[in-house]
Amino acid sequence: MKPFLIGLAIGTAVLFLFINFGSSFRSEQPISFNHKKHQEQGVECAACHSHFKEQTFSGMPKVAVCMECHKDSITKHPDEEKIRQFQKMGEEIPWRRVYQQPDDVFFSHRRHVVLAKMECKACHGDIGQSEKPPAKPSVKMTMKWCMDCHTKTKANNDCLVCHV
Ligand code: HEC
Ligand code: HEC
Ligand code: HEC
Ligand code: HEC
Ligand code: HEC
């Protein structure tokens, strides 16, 4: 092999390690949350992600929302106690974001969920059935992904619609 190719191979391997470390690090959530068990209890998405009907964002649940049901112990799960500890310290639970667009991209939940009547599943897959926090997005939300659907649904694909 030419030195150039060897260098390229090593460079690629290092890059892969970086990407993998990056994503496994990001995947760790402060509490091992279980969407499935809450869905089985009939808790609606909007109880915890309460803004998508009026806003561009959906929002992550405040500790007060968890406390509505977990003020007293109702499970044997060791992470349940952590909820009350965050509450006692007067802190919010520092949820890490899995889905996040760059600052210059404009996205609106209200637009898609209320006006276009799309289901959460169409973009987030079956996260409602997840038994632990997903390590990475189930859908890669690239520009091509957005534009392909806009083409299919005859939605606007002008650059300035998504880039502000
Ligand atoms: C509407 C009531 C309700 C709300 C709000 C709620 N939970 Fe729960 N949660 C439950 C119930 C009921 C269970 C027990 C479900 C079971 O064992 O099947 C549970 C179970 C759990 C468990 C144990 C899961 C497991 O795998 O055994 C954890 C951890 C948990 N909840 C965290 C949270 C967090 C964090 C929040 C806030 C983001 C929250 N819950 C909000 C009702 C609620
Ligand atoms: C009881 C509270 C609760 C309910 C109900 C709930 N979620 Fe969540 N959701 C969370 C918490 C806590 C996290 C962060 C931990 C995780 O990913 O499991 C989260 C993470 C997410 C994320 C990833 C956000 C990001 O960028 O990191 C999506 C998407 C999501 N939920 C969609 C849904 C959908 C769709 C429903 C209804 C089917 C739903 N959630 C119901 C509490 C809830
Ligand atoms: C058309 C695709 C699409 C649909 C439909 C959709 N989302 Fe999202 N969601 C996204 C994108 C894109 C982001 C990242 C947004 C950003 O970074 O500005 C996101 C981010 C999130 C987040 C992270 C926190 C936040 O404040 O945005 C949650 C939670 C979430 N979505 C929940 C939901 C729920 C619940 C539904 C259904 C009611 C839903 N999403 C429907 C594309 C979608
Ligand atoms: C699965 C299909 C689908 C996906 C994926 C999707 N969109 Fe859309 N989008 C639509 C539809 C349909 C509309 C038209 C909604 C309406 O009726 O106003 C729309 C409308 C919009 C609008 C408003 C357009 C206008 O005319 O003002 C913006 C901005 C937007 N989307 C951004 C995004 C971004 C950014 C992404 C990717 C992160 C994305 N969309 C992914 C289907 C999709
Ligand atoms: C339907 C929404 C949508 C439309 C329309 C769109 N983009 Fe994007 N664009 C995105 C999203 C989402 C990203 C970030 C995700 C990624 O990098 O793939 C992005 C990323 C980019 C980036 C990389 C830098 C950055 O902002 O992160 C450039 C450059 C860009 N777009 C240019 C354009 C141009 C030029 C057009 C018009 C021909 C266009 N985009 C139309 C959604 C869109």
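Filtered by the rule that a residue be more than 16 Å from ligand 2 (Cβ to nearest atom) and either in contact with an Asp or Glu (Cβ under 6 Å, 6 or more places away or on another chain) or hydroxyl-bearing (Ser, Thr, Tyr) (or both), region 108-161 gives THR151, THR153. Residues in region 70-82 that are without any contact (Cβ under 8 Å) to a residue 12 or more places away in the chain and surrounded by 10 or more Cβ atoms within 10 Å (Cβ to Cβ): SER73, THR75, GLU80, GLU81. Do we find a residue being touching a Phe, Trp or Tyr at 6+ places or on another chain (Cβ under 9 Å), within 16 Å of ligand 1 (Cβ to nearest atom) and at pLDDT 95 or above anywhere in region 68-82? Yes; the residues of region 68-82 include at least one that is touching a Phe, Trp or Tyr at 6+ places or on another chain (Cβ under 9 Å), within 16 Å of ligand 1 (Cβ to nearest atom) and at pLDDT 95 or above.
So that you can scan it fast, the table gives a plain yes or no per residue for (1) within 16 Å of ligand 4 (Cβ to nearest atom); (2) in contact with a strand residue (DSSP E or B) (Cβ under 8 Å, 6 or more places away or on another chain); (3) under 30 Å from ASN157 (Cα atoms):
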site	(1), (2), (3)
GLN29	no, no, no
GLN85	no, no, no
TYR99	yes, no, yes
ASP104	yes, yes, yes
LYS117	yes, no, yes
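Here the condition is being near ligand 5 (Cβ under 8 Å from one of its atoms) and within 21 Å of the chain's Cα centre (by Cα); of GLN101, GLN129, it holds for GLN101 alone.
The values are calculated or read from the model by the stated rules, or taken from the named source; none is laboratory data. Everything quoted here is computed from the prediction, not taken from an experiment. FYI the Cβ positions are ideal-geometry reconstructions off the backbone, even for glycines, and counts take in every protein chain you see.
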